[in-house]
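Peer 1: Attaching a single structure in structure tokens format; questions to follow.
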Amino acid sequence: MGLAVLLFVLVGGRSLLKSASRHATVTAMAVALIALLATATVALYLLFRFGWHVPLAHPLSQFHIGWGAVGWIGGLVIGVAYQVVPMFQITPEYPRWLRRGLVPGLGALLVLWPLVSNTPLNEVVGGIVMAMLVAFALQTLYLQQRRRRRLADVTLDFWRLSMVSLILAALAWLANLYSSHVALELAVGVLFLLGFAGSAVNGMLYKIVPFLIWLHLNMRLQQNGRRQVKVPNMKQVIPARPARWQFRLHLTALLILLIGIGTGTVVVPPAIIGLAWLASSGLLWWNLLQALQVYRRVLLEAV
């Protein structure tokens with residue numbers, strides 16, 4: 001796995017170095033790749049040092065979590081947002097100061113954080129990191145309110161859920177500083193990974209996959225001289241109704257999991273939580289499979 005991550009970082013880094021673009025997304029991707037490499041390196045060291053019994057309180061464990069969550073996942077989602085939120089959600093651009101400074105600033109703080117882990121500055125640096133993430137979430141919600149198209153859109157709903165989850169994750173982290181509790185620690189992880197990152201990725205699949213299918217169908221048909229064949233639009237590739245149902249299942253699964261964390265298995269059995277996520281993931285898989293069937297059907301019609 002370590003070699004696979006190294007290869008991915010090298011190939012990705014080479015592509016970024018060759019890119020002529022100076023967009024803030026390129027910088028964010030570079031920081032995210034560095035964070036991924038740092039995360040994987042520390043993970044391998046901890047694995048060889050402790051095996052499967054890595055102490056979570058170990059400073060390197062905290063380093064691994066911070067760089068993996070904030071640096072890699074956070075940097076990746078933020079960098080992609082600079083492009084896809086204005087493009088697909090028809091919003092104004094993110095402010096220049098935020099695009100230029102947010103992800104590099106997070107990277108610098110992540111370098112500083114382990115150095116002050118045993119000092120009173122630990123909570124200060126952590127608080128600044130969380131404040132920066134909340135600022136990004138609030139700015140995204142503000143831009144979405146100013147979008148030029150006021151039509152209902154499931155991707156927009158996924159991203160709103162993502163941003164709200166990021167804000168709640170930061171608040172849960174802050175609350176855990178003053179009232180350390182296992183439930184709060186778990187809530188931070190669930191809200192960040194499944195609420196923030198999972199919702200953003202899930203939502204973008206409903207834009208990127210239909211767009212790529214539409215684009216490739218147009219290119220293939222033009223190359224084959226089949227311009228008379230009608231290419232379905234993006235909303236026909238994945239209709240809004242099944243995508244909307246999958247969003248509802250995703251939201252329900254997230255809420256059930258959070259309730260389970262807060263109340264224990266007496267209220268929500270683990271099997272119910274698992275089935276909820278299975279239903280959400282299963283419907284996402286089905287929707288993507290149907291999009292693939294649309295692609296194949298149009299190509300067969302063009303033969």
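Throughout, read-outs are computed from the coordinates displayed, never taken from laboratory work. Just so it is clear, the model here is predicted, and its values are computed rather than measured. All Cβ positions, glycine included, derive from the backbone under ideal geometry; neighbour counts span all protein chains shown.
Peer 1: Among the helices of the chain (complete DSSP H runs), which have Cα atoms covering no less than 27 Å along the helix axis and a Kyte-Doolittle mean of at least -0.5?
Peer 2: Working: long enough: 24-50 (38 Å, 1.97); 96-115 (30 Å, 0.86); 121-145 (36 Å, 1.28); 154-178 (37 Å, 1.38); 199-223 (36 Å, 0.57); 240-263 (34 Å, 0.82); 270-302 (48 Å, 0.90).
Helix filter hits for the chain: 24-50, 96-115, 121-145, 154-178, 199-223, 240-263, 270-302.
Peer 1: Moving on to the next point. Given the -39500 (n - 2.57) contribution per DSSP H run of 4+ residues, what per-residue ellipticity at 222 nm results for the chain, rounded to the nearest 500 deg cm²/dmol?
Peer 2: Per the formula, -26000 deg cm²/dmol.
Peer 1: Additional query: Taking the inverse of the average 1/r across all pairs of different Cα atoms in the range 48-144, what Kirkwood radius in Å do you get?
Peer 2: So the Kirkwood estimate lands at 14.8 Å.
Peer 1: Roughly speaking, what is the centre-to-centre gap between the range 273-293 and the range 100-154 when only Cα atoms are used, to the nearest Å?
Peer 2: 31
Peer 1: Charges on Cβ only, +1 for Lys and Arg, -1 for Asp and Glu, centred on the Cα centroid of the range 1-103; of V85, A40, P59, which one is farthest towards the dipole's positive end?
Peer 2: V85
Peer 1: So what is Rg over Rh here for the range 133-200, counting just Cα atoms and using Kirkwood for Rh?
Peer 2: That ratio equals 1.07.
Peer 1: Which one, F158, F136, F88, has the greatest fluctuation when you compute a Gaussian network model over the chain with C-alpha springs under 10 angstrom?
Peer 2: F88
Peer 1: How large is the dipole of the range 1-128 about the Cα centre if only Lys and Arg carry +1 and Asp and Glu carry -1, each at its Cβ, rounded to the nearest 20 debye?
Peer 2: 380
Peer 1: May I pose another question? What is the log10 of I(q)/I(0) for the chain, computed with the Debye formula using one identical point scatterer on each Cα and no solvent, at q = 0.11 Å⁻¹?
Peer 2: -0.78
Peer 1: Can you give me the P(r) profile for the range 170-269? Cα pairs, bins 10 angstrom wide beginning at 0, each as a whole percent.
Peer 2: Percent of Cα pairs in each bin: 14, 29, 23, 16, 11, 6, 1.
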